[in-house]
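K.L.:
Here's a structure for you.
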Amino acid sequence: MPSQTEVNPQPAMEYEHFENQEHEWESNLKVTEGVEGPIQVNPNALERMRRNHQQLMPLEWYVDGILKGDRVALSKAITLVESALPKHQDLAQQIIAACLPHAGKALRLGITGVPGAGKSTFIEALGVHLCNKGQKLAVLAIDPSSQRSKGSILGDKTRMETLSVHPNAYIRPSASAGTLGGVARKTRETIILCEAAGYDTIFVETVGVGQSETAVHSMVDFFLLILISGAGDELQGIKRGIMEMADGIAVNKADGDNVMRANRAAAECRNALHLFPLPESGQETKVMTCSALTGFQIDEVWQMVADHVQAIRDNGYLYKKRAQQDVQMMYDSMDSALKNDFYQNQLVADLLPLVEADVRGQRMSAYIGAQKLLDAYFNMLKRE
């Protein structure tokens, strides 16, 4: 009896023939090419934006616009301040020098706290309250920069929907750019520009890192710490030393079923503050509860801030503190200028990748590599 393959060999032959041919067949399924859609952005507008971004206006345009309260001029000037380009920095320093005599009259409030404490909600509640009373408010919101991509979300305006559209408010998000203390590299200069533009109240919101808040403390008149109950911040605040820097503490989210816990947390903070000596300002650190969501005691918190600032203005400590801040600003400016000059030096730029490769390959220690770069930089300065 013949086998199955002998009886019907044809299918195998047909399959072999199909495998060897060049597939000159067409499928009934075809993709119809659509009409090319119109470009979504006007190329002329993009070109204008590119030119406007690169074009620098005269010094008088920025200064006159800022003194008149023009937000466009203020925003462009702040962009120059935050830029690392030498030509932008030169113009920015001229703008700051021209605006400096018109600054210094605003109340500067630094706001910090742990992530999730409701800083943005608190700022909006307090900001709307002040703006409705006729005050002009500038909010400098500092966003953390990614250590990997170096980028920032800059999304604080989305969390302050009501305040961001108020005519008396100006919100400027800035990237921390890796600066310790959660403060943007040029926040002090931005404060000067905002004060010259007529804003009588300045809020500086930090990223809430908790460990390095000295920077924001050294540029404001009042340092407000926002806490929440049940987060262990009473003990952690003592360990970090952040409570010692605070001029006032507000326990937020004192609403609903959380009122008793907020009151208990405030009492624990008051007990903890007794461990610290009286601040140099001569004013005791007060602790209050509030709710940014419901508006509970928001006005009282602001009254606490206003009373403290008035008290240190009367006893002369405010002027002493601002003088210390100006000196600190001088040192920070020198540090920044030296760092920029070092990295922008062509010799250092050429030598840095080679030294970094040696350090990465374990052929040179990190300390010797750093000293080699510094020696090359200083020797070049001596020759000049």
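K.L.:
List the pairs whose first member sits in region 102-117 and is farther than 14 Å from Ala138 by Cβ, whose second member is among the polar types (S, T, N, Q) and buried (at least 23 other Cβ atoms within 10 Å of the Cβ), and whose Cβ atoms are under 7 Å apart, counting only residues at least 6 apart or on separate chains?
P.N.:
These pairs meet every condition: Thr112/Thr206; Ala117/Asn252.
K.L.:
Here's a follow-up. Considering region 334-371 alone, what residues qualify as being over 29 Å from Gln89 (Cα atoms) and among the charged types (D, E, K, R)?
P.N.:
Passing the criteria: Asp358, Arg360, Arg363.
K.L.:
Then there's this: Can you tell me which of (1) modelled with pLDDT of 95 or more; (2) under 30 Å from Ile192 (Cβ atoms); (3) not basic (Lys, Arg) is the one Ser291 doesn't meet?
P.N.:
Every condition holds for Ser291 apart from (2).
K.L.:
Sticking with this structure for a sec: Look at Pro115 and say whether it is surrounded by fewer than 20 Cβ atoms within 10 Å (Cβ to Cβ) and modelled with pLDDT of 90 or more.
P.N.:
no
K.L.:
For Leu338, state whether it is closer than 30 Å to Thr214 by Cβ, at pLDDT 95 or above and under 31 Å from the mean Cα position of the chain (by Cα).
P.N.:
no
K.L.:
So, of the residues in region 93-112 that are part of a strand (DSSP E or B) and modelled with pLDDT of 95 or more, which turns out to be nearest to Ile298 (Cα to Cα)?
P.N.:
It comes out as Leu109.
K.L.:
Is there a residue in region 294-316 that is without any contact (Cβ under 8 Å) to a residue 60 or more places away in the chain, in a strand (DSSP E or B) and surrounded by 15 or more Cβ atoms within 10 Å (Cβ to Cβ)?
P.N.:
Looking for residues that are without any contact (Cβ under 8 Å) to a residue 60 or more places away in the chain, in a strand (DSSP E or B) and surrounded by 15 or more Cβ atoms within 10 Å (Cβ to Cβ), one finds at least one in region 294-316, hence yes.
K.L.:
Next up: May I ask you to verify whether Arg261 is out of contact with any strand residue (DSSP E or B) (no Cβ under 7 Å at 6 or more places or on another chain) and under 19 Å from Gly118 (Cβ atoms)?
P.N.:
Considered against the rule, which asks whether it is out of contact with any strand residue (DSSP E or B) (no Cβ under 7 Å at 6 or more places or on another chain) and under 19 Å from Gly118 (Cβ atoms), Arg261 comes out as yes.
K.L.:
Being more than 19 Å from Lys87 (Cα to Cα) and among the acidic types (Asp, Glu) is the filter here; which residues of region 336-384 pass it?
P.N.:
Those that are more than 19 Å from Lys87 (Cα to Cα) and among the acidic types (Asp, Glu): Asp350, Glu356, Asp358, Asp375, Glu384.
K.L.:
Turning to a different aspect of this structure: Which residue is modelled with the lowest pLDDT, if the candidates are limited to region 118-148 and must be surrounded by fewer than 22 Cβ atoms within 10 Å (Cβ to Cβ) and part of a helix (DSSP H, G or I)?
P.N.:
If we take residues in region 118-148 being surrounded by fewer than 22 Cβ atoms within 10 Å (Cβ to Cβ) and part of a helix (DSSP H, G or I), then Ser120 is modelled with the lowest pLDDT.
K.L.:
Let me confirm something: among Asp90, Asp64, Asp70, which residue is under 23 Å from Gln344 (Cα atoms) and at pLDDT 90 or above?
P.N.:
Sole residue among the options that is under 23 Å from Gln344 (Cα atoms) and at pLDDT 90 or above: Asp90.
K.L.:
Ok, one more. It is to be established whether one or more residues within region 260-277 are under 22 Å from Gly104 (Cβ atoms) and either touching a residue at least 24 places away in the same chain (Cβ under 8 Å) or in the same structural domain as Ile226 (by TED's automatic domain parsing) (or both).
P.N.:
no
K.L.:
Answer with yes or no whether Leu91 is outside the structural domain of Ser336 (by TED's automatic domain parsing), within 28 Å of Thr214 (Cβ to Cβ) and more than 17 Å from the chain's Cα centre (by Cα).
P.N.:
For Leu91, the condition - outside the structural domain of Ser336 (by TED's automatic domain parsing), within 28 Å of Thr214 (Cβ to Cβ) and more than 17 Å from the chain's Cα centre (by Cα) - is not met.
K.L.:
Against the conditions (1) under 26 Å from Lys133 (Cβ atoms); (2) at pLDDT 95 or above; (3) charged (D, E, K, R), where does Arg360 fall short? Just the number, please.
P.N.:
Failing condition for Arg360: (1).
K.L.:
Okay, moving on. Somewhere in region 297-315, is a residue assigned by TED's automatic domain parsing to the domain that holds Glu280 and either on the phi > 0 side of the Ramachandran plot or of a type in the set (Phe, Trp, Tyr) (or both)?
P.N.:
Yes, region 297-315 has at least one match.
K.L.:
Among the listed residues Ala231, Ala272, Ala196, Ala262, identify the single one that is farther than 29 Å from Lys76 by Cβ and either at pLDDT 90 or above or touching a His at 6+ places or on another chain (Cβ under 7 Å) (or both).
P.N.:
Every option except Ala262 fails the conditions.
The values are calculated or read from the model by the stated rules, or taken from the named source; none is laboratory data. Here the structure is a predicted model, which is why all the values come from computation and not from measurement. Quick reminder, even Gly has a Cβ in these numbers, built from the backbone with ideal geometry, and neighbours come from all protein chains shown.
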